[in-house]
Each structure stands twice: as C-alpha cells, then as structure tokens.
Amino acid sequence: MTNIQNDRLLKVLKGETVDRAPVWLMRQAGRYLPEYLATREKAGSFMGLCQTPELACEVTLQPIERFGFDAAILFSDILTIPDAMGLGLYFTEGEGPQFQRPIRTLDAIQQLPIPDPEQDLRYVMDAVRLIKKSLGNKIPLIGFAGSPWTLASYMIEGKSSRDFINSKALLYAQPEAVQLLLDKLSEAVSLYLRAQITAGADVVMIFDSWGGVLPEDAFLRFGLPSIQKVVDDVKKHAPHIPIISFTKGGGLWLNKIKELAIDGIGIDWTISLAQAREAVGNTKCLQGNLDPTILFTNPRVVQEEVKKILQQNTLQTSHIFNLGHGILPRTPIENVEALVAAIRGE
Ligand code: CP3
C-alpha cells in the first residue's frame, strides 16, 4: 500500500500498467545544474554537501522542481560506506574520489569494521528522513548503495581506475581475500539499504558500476553472488520495497541477473531495450537506456532518440526511462527539457 500521489515508478516496478513511462535520470542532481553548483559552493565541498542533510535535501529537490521527474534519488555517494570503514574518502577537483588508506592485504581486510548506519552514517539517514518529509508524498524517494564488487574495486585501487589492475590482480591471485572483502561489503551494503528504507526510502537501487569489467566467470562467481546476498537480505527484511540493480556492461549476463529477487534491472546503452526485454522475459521492469552523450546534440535529435527507445517497449509497461549511465557535467539543460517533454508526449 502506498499513499504516494505520483506512483508511476512504484507501479511499473510491480508490473502494473501506467499512462506513460516514469522518468528520472541517474545523477540528476549534479554539476550540469547551475543551482547545484551554487549549493555546492555554499557547502564548501562535495563531501560537505553530502554531510549536511539540509543541503543534501536542497540539491535532491532541485531537478524535481526544474524538470518534474517521477522520482527523487537521495543525494549522497556510493563511497560513504568505505569512508565509514575508515579508508578516508576525499575528492580533489578533476581527479574524482580517492582514499587515503586503500586496502590491499588479507590482514587489512580482516580488520575492516562493518559500519552501523545510524551511528557511522547518520548524516545519510538524516538526509533520507529530511528529503522524505520535504517530498510530502508527491513522488517516491530512491535510496541507493554501490554493489560489493564496485565498492571493493574502489577500496583496493584507492581511486577511479581505467584498468583495475590492483583489484582484479588481487581477485585472481588471492580470491579468498577478495571473497572476505565482498562478504563484509554485502553485509555493510545490506544494513545500509535497510536503514535507508527504515528512514523513508520507497525504492532502493544497487549501482554495480564496475561489474562489467569482470570476465564472465568472475562476475558469476564473485560479482553477482555478492549482489544476491544483499538483495536476499533486504527482501527478507523489507519484502514490499522494490529493488533495482544496475550492472554497467552487464548486457550479456541479463539471463543471470534476472534470476535475482529484484524488481527492476538497469541497462546501459550497449544493448537495445528490445534485446534486453528478450533476454529478461516479461517478469521484470527494465530501466534505461539513453546514451548520456545524446544529450550533447540538440532538442530535435534528443526527441527522436527518446522515441526510438519508447517504441521498443512493446509491453506498454514495465519500463522506467533513464539514461544508460549518469548525466554528464556540462549537459545542456534544454536537451534535458526536450527529453522530459518527449516522454510526456509534449
Ligand atoms: O543520482 C543522483 O543524483 C544521486 C547522487 C549520486 C552521486 N553519486 C552524486 C555525485 C549517486 C547515485 C552517485 C553514485 C556513484 N558515485 C557511483 C555509481 C554510479 C555511477 O556513476 O556509476 C559511483 C561510481 C560513484 C563514485 C563517484 N562519486 C565518482 C566516480 C565521482 C566523480 C565523478 C566525476 O565525474 O568527477 C563522484 C562524485 C559525485 N557523486 C558527484 C556527484 C553529483 C560530482 C561531485 C561534484 O559535485 O564535484
């Protein structure tokens, strides 16, 4: 039962019919919005923004007010968990996220604590509570976390990586060490998502941004089972809350991903929505999958490309319109407006 006024997102995740596809964009609150940049300035830094619930709430609502999206997503980051495990997260301009103390050994992995979300990540839970209250039941709130493998790869590399040499070499050479890390992260992620649900999240999403860098056997042996642990535990405690899982680069493995007890599957732009539907069958909602660089063209091209995706949704339901990955900085706002108008049939 839900008392949310705009319940398109919740309905499609349950397989119910809606008038049109719900739409929201990954990273919808971000640097392409001048009002976001102004609030970040006020906060002093990206982490300052995440750690001040009033400001995190403010930026969460900005894209809703501007574009009227059908869902809000908590403003935070996936790397809050490793930070709470003691790795020392910091951001430098242009470099992306980095850790002061990356994890490289079995001994270091054994020492890692599992964060208590209400203690160690209280700023995130406070943000969820405040956003939920501010939304006033107008649209659903999506909570999120990184997948265990995606978090592990950042923790081992210590920063963003092109080739994942440290994390993949550790996985191949010392699989038991990486398995222990993944087990700890499955537990931490699951506790974190459950706490977000208790604090008010209506849907939760798992960002497996780097699942697709693994060979198939490693994805099936390490990546996917660690997601499955999270999903099963969250479902056990909150069976009514829909879960979306997004493995970037996971198109070839949809026939395995669909076996998870999730409600929605995120897809990137490398597979067509029609192909993904064929691989998944009719049981799950699909989310995606416009290439974010299409938003660097013009309103006419954007509208055509949006329609191409909408036309592939032959079921007339079970589709959440989104990008195939996060919206990029410097995306022209008029093209986001064109995207939303095309979905609304304007
Ligand atoms: O979607 C939303 O609007 C919610 C907020 C959100 C952020 N990060 C805000 C953010 C979400 C859901 C994330 C998830 C996240 N964070 C992922 C998974 C999704 C993906 O993109 O694959 C990953 C891998 C991260 C780690 C991370 N955080 C990176 C790689 C970066 C740097 C990106 C860059 O281009 O510099 C961040 C920082 C970050 N997280 C920003 C935002 C808006 C930009 C920070 C800034 O304002 O300078």
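Within segment 53-70, track down each residue that is crowded, with 19+ Cβ neighbours inside 10 Å, more than 10 Å from the ligand (Cβ to nearest atom) and under 18 Å from M125 (Cα atoms).
Residues satisfying the conditions are P53, L55, C57, E58.
From the list G281, G288, G249, exactly one residue is farther than 19 Å from G143 by Cβ and surrounded by fewer than 14 Cβ atoms within 10 Å (Cβ to Cβ). Which is it?
G281
With T105, T17, T80 as the choices, which residue is at pLDDT below 95 and not aromatic (F, W, Y)?
Within the list T105, T17, T80, the selection yields T17.
Matching residues to (1) β-branched (V, I, T); (2) part of a helix (DSSP H, G or I):
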site: L10; (1), (2): no, yes
site: D19; (1), (2): no, no
site: R27; (1), (2): no, no
site: Y32; (1), (2): no, no
site: E35; (1), (2): no, yes
site: T39; (1), (2): yes, yes
site: L49; (1), (2): no, yes
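Restricting to segment 304-339, and then to whatever is crowded, with 19+ Cβ neighbours inside 10 Å and β-branched (V, I, T), can you tell me which residue is farthest from V12 (Cα to Cα)?
Step by step, filter segment 304-339, then rank; the result is T331.
For segment 227-239, which residues satisfy the criterion of being without any contact (Cβ under 8 Å) to a residue 60 or more places away in the chain, part of a helix (DSSP H, G or I) and not basic (K, R)?
Those that are without any contact (Cβ under 8 Å) to a residue 60 or more places away in the chain, part of a helix (DSSP H, G or I) and not basic (K, R): Q228, V231, D232, D233, V234, H237.
The rows are residues; the columns are (1) away from the ligand (no atom under 12 Å from the Cβ); (2) within 27 Å of P53 (Cβ to Cβ); (3) part of a helix (DSSP H, G or I); (4) within 15 Å of the chain's Cα centre (by Cα).
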{"site": "M125", "(1), (2), (3), (4)": "yes, yes, yes, no"}
{"site": "I139", "(1), (2), (3), (4)": "yes, yes, no, no"}
{"site": "A145", "(1), (2), (3), (4)": "no, yes, no, yes"}
{"site": "N166", "(1), (2), (3), (4)": "yes, no, yes, no"}
{"site": "P225", "(1), (2), (3), (4)": "yes, no, yes, no"}
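So, G200, is that one touching a strand residue (DSSP E or B) at 6+ places or on another chain (Cβ under 9 Å) and more than 20 Å from D120 (Cβ to Cβ) or not?
So G200 fails the test.
Which residue pairs have Cβ atoms closer than 9 Å, lie 6 or more positions apart in sequence or on different chains, and pair a first residue in segment 69-91 that is in a helix (DSSP H, G or I) with a second residue that is within 10 Å of the ligand (Cβ to nearest atom) and among the aromatic types (F, W, Y)?
Here the result reads P82/Y154; L87/Y154, each pair linking segment 69-91 to a residue that is within 10 Å of the ligand (Cβ to nearest atom) and among the aromatic types (F, W, Y).
Among residues belonging to segment 93-108 that are free of Cβ contacts under 8 Å to residues at least 60 places away in the same chain and near the ligand (Cβ under 10 Å from one of its atoms), point out the one that is surrounded by the most Cβ atoms within 10 Å (Cβ to Cβ).
Checking each candidate, the answer is E93.
Take segment 272-295 and flag every residue that is closer than 26 Å to I333 by Cα and among the hydrophobic types (A, V, I, L, M, F, W, C). Explain how you work it out, then say what you get.
First pass over segment 272-295, keeping only residues closer than 26 Å to I333 by Cα: 272-273, 286-295.
If the condition is that a residue be closer than 26 Å to I333 by Cα and among the hydrophobic types (A, V, I, L, M, F, W, C), then L273, L286, L290, I294, L295 are the ones that fit.
Of everything in segment 252-270 that's in a helix (DSSP H, G or I) and among the hydrophobic types (A, V, I, L, M, F, W, C), which residue is surrounded by the fewest Cβ atoms within 10 Å (Cβ to Cβ)?
My answer is L252.
Collect the residues in segment 64-114 that are closer than 19 Å to T198 by Cα and under 20 Å from the mean Cα position of the chain (by Cα), keeping them in residue-number order. Please lay out each step first, then the result.
Restricting attention to segment 64-114, the residues satisfying the condition of being closer than 19 Å to T198 by Cα are 71-78, 80-81, 114.
Matches in segment 64-114: A71, A72, I73, L74, F75, S76, D77, I78, T80, I81.
Going through segment 314-346 one residue at a time, which ones are under 17 Å from R20 (Cβ atoms), away from the ligand (no atom under 16 Å from the Cβ) and either part of a helix (DSSP H, G or I) or under 22 Å from the mean Cα position of the chain (by Cα) (or both)?
Hits for segment 314-346 are T317, S318, H319, E337, A338, A341, A342, I343, R344.
Looking at (1) aliphatic (A, V, I, L, M); (2) surrounded by 15 or more Cβ atoms within 10 Å (Cβ to Cβ); (3) free of Cβ contacts under 8 Å to residues at least 40 places away in the same chain, can you tell me which one L273 breaks?
(3)
How about segment 1-45: which of its residues are surrounded by fewer than 16 Cβ atoms within 10 Å (Cβ to Cβ), within 14 Å of the ligand (Cβ to nearest atom) and free of Cβ contacts under 8 Å to residues at least 60 places away in the same chain?
P34, E35, L37, A38, E41, K42, G44, S45
Restricting the search to segment 200-230, which residues are surrounded by fewer than 20 Cβ atoms within 10 Å (Cβ to Cβ) and under 21 Å from G281 (Cβ atoms)?
E216, L220, Q228
Cβ-Cβ under 8 Å, sequence separation 6+ or interchain: first residue in segment 200-225 and under 19 Å from G264 (Cα atoms), partner basic (K, R) and outside any helix (DSSP H, G or I). Which pairs?
Sorted first by the residue in segment 200-225, then by its partner, the pairs are D208/K248; S209/K248; W210/K248; G211/K248; G212/K248.
The values are calculated or read from the model by the stated rules, or taken from the named source; none is laboratory data. Just so you know, these numbers come straight off a predicted model, no measurement behind them. All Cβ positions, glycine included, derive from the backbone under ideal geometry; neighbour counts span all protein chains shown.
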